[in-house]
Amino acid sequence: MKKKTQLIHGGIVGDQFTGAVSTPIYQVSTYKQEGVGNFKYEYSRTGNPTREALEALIRDLEGGHAGFAFGSGMAAISAVMHLFKSGDHIVLTDDVYGGTYRLMTKILNRSNIDVTFVDTSYPEKVKDAIQDNTVMIYVETPTNPLLKVTDIRKMKEIADEHNLLLAVDNTFSTPYFQNPIELGADIVLHSATKYLGGHSDVVAGLVVVKTEELAKELHFIQNSVGGVLGPQDSWLLIRGIKTLAIRMEQTEKNTQEIVAFLKSRDDITNIFYPGLPSHPGHDTHKNQATGFGGMVSFDVGSDERALEVLKKTKLFTLAESLGAVESLISLPPRMTHASIPRERRLDLGIEDGLVRISVGIEDAEDLIEDLKQALDA
Ligand SMILES: *Cc1c(COP(=O)(O)O)cnc(C)c1O
């Protein structure tokens, strides 16, 4: 089945009891048992039909063994980290999502889970970071906000050499453009709050695992730790995912036009977009994904100018988050990445004037006009 068809027909479609074409919202916490221990569902933390339909859908879209839905992307990432124990070591992409950085350095450090952050776009650096107690390589590609690209197949080679798990945060590319399990990953994570939901109306996280063994462990963790997604939000995500293909294609088309506009201006010093042939990760990304997505960062020169631009845009809404139908604009050093110390931010290349946009599905001409008036002001 092709991706566009799978988005509509994947997973568990409709309702076997009523013939309803859309999966109903099973707003229920517990289920009648025919006799003690004789039941299909027991309790909604353990399993809920609406959540299961979503979990089956993301499993099919990522081509894994099983899918799991959580109350946020961070709950999904935390559940995956519960696979490990004190003394284990994980190698992560250095400019991972700020919340992931915080989880690893402020929460999981309390359980003596050890981490090394490296620029995973250089495989040699990943090799050098591996220790005797390393258990997983965890990458985000492309990254936020610099859109750095990591070669997933190369990570798989390194993981195999050292018998490590490979996890990929696939939030930016979505399963429509990139399928990490096909490229060798064991675990795929999503902040479904972003493109999968796509309408800025739900916070959710999804995980897909490759093997039955990992599926058993993660289900045990999901049920034990308990950060599950509720039936209403599960339904909203299923609804959002149905239009992922047309949204991603429109977003990318708009983004290419906006990038061309930004390139034409000499008051913008740096543009970060993997679709630009000059982007260092362009070829790698092209080899592992079918689209470049709708996230772009660019340097307007200073913090002051960035603040002015953010004040002036009208169609680009000043907000955190990304991946929805409406275009958003943000200032990573002051917003999403504010929890990272300035010195470390500058080391990573996140300059004070770095503006990030998440391009929506509005008319590209209007979006360009909006950016133009903000930059000219
Ligand atoms: C937003 C985001 C997360 C965290 O997801 P939440 O749904 O906000 O908890 C994780 N990874 C990436 C790449 C993100 O953009």
Just want to confirm a number: the relative contact order over region 298-370, from Cα pairs under 8 angstrom separated by 6+ residues, in percent.
41 percent
Can you give me the angle between helix 152-162 and the longest principal axis of the chain, using Cα atoms only, in degrees from 0 to 90, rounded to the nearest 10?
60 degrees
When each of Lys154/Lys253; Lys154/Lys210; Lys125/Lys263 is checked by Cα-Cα distance, pairs over 21 Å
Lys154/Lys253; Lys125/Lys263
log10 I(q)/I(0) for region 246-376, Debye formula on C-alpha points only (no solvent), q = 0.15 Å⁻¹, two decimals, reads -0.69
Angle between the Cα long axis of helix 244-263 and the longest principal axis of the chain, 0 to 90 degrees, nearest 10?
10 degrees
Of Glu343, Glu157, Glu182, the most mobile residue in a GNM of the chain (C-alpha springs, cutoff 10 Å) is Glu343
Where trypsin sites (Lys or Arg not before Pro) fall in DSSP loop in region 81-177, at most 11 other Cβ within 10 Å:
Lys85
Taking amide H atoms as placed 1.01 Å from N in the peptide plane, list the residues 5 or more away in sequence, or in a different chain, whose amide H sits under 5 Å from that of Phe117.
Leu92
As a percent rounded to 5, the proportion of antiparallel DSSP bridges among beta bridges in the chain is 55 percent
Can you give the angle from 0 to 90° between the axis of helix 231-242 and the longest principal axis of the chain, with both taken from C-alpha atoms, to the nearest 10?
60 degrees
Can you tell me the length gained on complete extension of the stretch Asp119 to Ala260, counting 0.36 nm per residue apart and subtracting the Cα distance?
48.0 nm
Please give the Cα centre distance for region 163-221 versus region 1-68, rounded to the nearest Å.
17 Å
Name the lysines eligible as straight-distance cross-link partners of Lys32: C-alpha to C-alpha under 28 Å, and not fewer than 8 places from it in the same chain.
Lys40, Lys216
Structure-based [θ]222 nm, the chain - -39500 (n - 2.57) summed over DSSP H runs of at least 4, per residue, nearest 500
-11000 deg cm²/dmol
Within region 336-363, which residues have the backbone N less than 17 Å from the label spot 7 Å out from Ser302 along Cα→beta-carbon, could you tell me?
351-355
The chain: Kirkwood hydrodynamic radius (Cα pairs, Å) comes out at 21.3 Å
Report the full-extension gain for the segment Asn163 to Glu34: residue separation times 0.36 nm, less the Cα-Cα distance, to one decimal in nm.
41.9 nm
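Here, each number is a calculation from the coordinates, and none is a lab measurement. What you are looking at is a predicted structure, and each value in this text was computed from that prediction instead of being measured. Positions of Cβ are generated from backbone atoms using ideal geometry, with glycine treated the same way; all protein chains shown enter the neighbour counts.
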